[in-house]
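Inspection log for the structure reproduced underneath, given as structure tokens.
The values are calculated or read from the model by the stated rules, or taken from the named source; none is laboratory data. The model shown is predicted, which means the values in this text are computed figures rather than measured ones. Here the Cβ positions follow ideal geometry from the backbone for every residue, glycine too, while neighbour counts run over all protein chains shown. These accessible areas exclude ligands, DNA and RNA; they are computed on the full protein's heavy atoms, side chains included. Shrake-Rupley method; radii C 1.70, N 1.55, O 1.52, S 1.80 Å.
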Amino acid sequence: MDDLTQLPGVGPTTAEKLKEAGYTDFMKIATASIGELTDIEGISEKAAAKIIEAARKLCNLGFKSGNEILTQRKNIWKLSTGSKNLDEILGGGLESQSITEFAGMFGSGKTQIAHQACVNLQCPDKIIADDSIKEEVLNEPKAVYIDTEGTFRPERIIQMAEALGLDGQDVLKNIFVARAYNSDMQMLYAENVENLIREGHNVKLVIIDSLTSTFRTEYVGRGKLAERQQKLGRHMAMLNKLADLYNCVVIVTNQVAARPDALFGPSEQAIGGHIVGHAATFRIFLRKAKGDKRVAKLYDSPHLPDAEAMFRITEKGIHD
Ligand code: ADP
Ligand code: MG
């Protein structure tokens, strides 16, 4: 928890009120809107603006020079999916400081990819990075698995770990699993990742499996769409912040819906519309092929061509 009394015009009483309202640290305040802070008793509009501005400075938010961005991008590392073909279309693997979305129908392999990523994080061969970054990533890396569908299976992790010659229990120890029963819990768990990091855990992988299922069941009908999209947008912003600030790989899985109005193009699309589409840097569509084969299609990437790759899901896990 940050010492909020460092902010202008914030004494112990206001600090306490801010904390009660959930604004426990500078980052939460820096990313709040003036309207949100004025909801708190005793904070005027003018005071809110000052507090937010000061918090932003403390968090180094705001413009960055091109060189700073370049330095930050130099820290990017990649996590292998287990399939060389799939890594290749992603430009080398799952990239840190980005969100990668896997969308597809039931059984297309989204959850399997998420499990494999947790295992691969413990495997030095699967981390692609410069020496110094690799050292930082491999310093007891932890994965966070936010499970909204109840499909996390420790047995499967053990099976995949043993296939790579790793100790299954050791891999499991490094995965924090949280079962989210609704979208509020899901968002709260994502926010709490920062607490884990502050406690000293080297969280390098964050998984939301699935991103949209809770939202889909809670916000039904046209009338709820705007509210749903707003909340989903905040969730994605939070995930992007985690990815950027802590150099994490973030994976979200997504369901698909039929496009009944599709005259051209695919007959299915990922849920969440533009909000999800714009927040995810890498978007992959998965579909089943013959037997254990799956086809992954990368689309809408800002800097990579659309491409397809074939991989397999077997008892060993994800591979070519
Ligand atoms: P979803 O996209 O719905 O999350 P999953 O990732 O759960 O789909 O994929 C389920 C598929 O993965 C199963 O249909 C099966 O083909 C394969 N699979 C799951 N576990 C194993 C295993 N232990 N051995 C081989 N294949 C498996
Ligand atoms: Mg699944």
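Restricting attention to the stretch 139-148, which residues are in contact with a Leu (Cβ under 9 Å, 6 or more places away or on another chain) and assigned to a loop (DSSP other than H, G, I, E, B)?
Across the stretch 139-148, the qualifying residue is only Thr148.
For residues in the stretch 95-116 being of a type in the set (A, V, I, L, M, F, W, C) and open to solvent by 10 Å² or more (accessible area, probe 1.4 Å), which is farthest from ligand 1 (Cβ to nearest atom)?
Restricting attention to the stretch 95-116, the residues satisfying the condition of being of a type in the set (A, V, I, L, M, F, W, C) are 99, 102-103, 105-106, 113-114.
Now drop any that are not open to solvent by 10 Å² or more (accessible area, probe 1.4 Å), which leaves 105-106.
Values: Met105: 7, Phe106: 4 Å.
It comes out as Met105.
What number goes with the only condition from (1) under 20 Å from the mean Cα position of the chain (by Cα); (2) closer than 24 Å to Lys241 by Cβ that Gln122 does not pass?
The single condition Gln122 does not satisfy is (2).
Can you find even one residue in the stretch 58-81 that is outside the structural domain of Pro8 (by the TED database) and within 16 Å of ligand 1 (Cβ to nearest atom)?
Yes - at least one qualifying residue is present in the stretch 58-81.
Conditions tested, residue by residue: (1) within 16 Å of ligand 2 (Cβ to nearest atom); (2) in a loop (DSSP other than H, G, I, E, B).
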site: Gly150; (1), (2): yes, yes
site: Met160; (1), (2): yes, no
site: Gly165; (1), (2): no, yes
site: Gln186; (1), (2): yes, no
site: Ile197; (1), (2): no, no
site: Arg216; (1), (2): yes, no
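What helices (runs of 4 or more DSSP H) completely inside the stretch 19-123 contain at least 3 residues that are within 16 Å of ligand 2 (Cβ to nearest atom)?
The qualifying helices (runs of 4 or more DSSP H) are 110-120.
Which residues, taken from the stretch 117-141, are open to solvent by 50 Å² or more (accessible area, probe 1.4 Å) and of a type outside the set (Gly, Ala, Ser)?
Our first condition is that a residue be open to solvent by 50 Å² or more (accessible area, probe 1.4 Å); within the stretch 117-141, this holds for 124-125, 128, 130-132, 134-136, 138-140.
If the condition is that a residue be open to solvent by 50 Å² or more (accessible area, probe 1.4 Å) and of a type outside the set (Gly, Ala, Ser), then Pro124, Asp125, Ile128, Asp130, Asp131, Lys134, Glu135, Glu136, Leu138, Asn139, Glu140 are the ones that fit.
List, please: which pairs have Cβ atoms under 6 Å, are six or more places apart or on different chains, and start with a residue in the stretch 26-50 that is not assigned by the TED database to the domain that holds Lys231 and end with one that is modelled with pLDDT under 90 and among the acidic types (Asp, Glu)?
Phe26/Asp2
Could you check Ala237 against (1) under 26 Å from Lys64 (Cα atoms); (2) modelled with pLDDT of 90 or more and say which number it fails?
(2)
Residues checked against (1) surrounded by 15 or more Cβ atoms within 10 Å (Cβ to Cβ); (2) in a strand (DSSP E or B); (3) at pLDDT 95 or above; (4) more than 13 Å from the chain's Cα centre (by Cα):
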position	(1), (2), (3), (4)
Val177	yes, yes, yes, yes
Ala226	no, no, no, yes
Lys231	yes, no, no, yes
Lys241	yes, no, no, no
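Output the residues belonging to the stretch 179-202 that are among the hydrophobic types (A, V, I, L, M, F, W, C), surrounded by fewer than 19 Cβ atoms within 10 Å (Cβ to Cβ) and touching a Phe, Trp or Tyr at 6+ places or on another chain (Cβ under 9 Å).
Those that are among the hydrophobic types (A, V, I, L, M, F, W, C), surrounded by fewer than 19 Cβ atoms within 10 Å (Cβ to Cβ) and touching a Phe, Trp or Tyr at 6+ places or on another chain (Cβ under 9 Å): Leu196, Ile197.
Residues checked against (1) surrounded by 13 or more Cβ atoms within 10 Å (Cβ to Cβ); (2) within 27 Å of Lys78 (Cβ to Cβ); (3) more than 16 Å from ligand 1 (Cβ to nearest atom):
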{"position": "Tyr246", "(1), (2), (3)": "yes, yes, yes"}
{"position": "Asn254", "(1), (2), (3)": "yes, yes, no"}
{"position": "Ala258", "(1), (2), (3)": "no, no, yes"}
{"position": "Ile271", "(1), (2), (3)": "yes, yes, no"}
{"position": "Ile275", "(1), (2), (3)": "yes, yes, yes"}
{"position": "Ala279", "(1), (2), (3)": "yes, yes, yes"}
{"position": "Ile284", "(1), (2), (3)": "yes, yes, no"}
{"position": "Val295", "(1), (2), (3)": "yes, yes, no"}
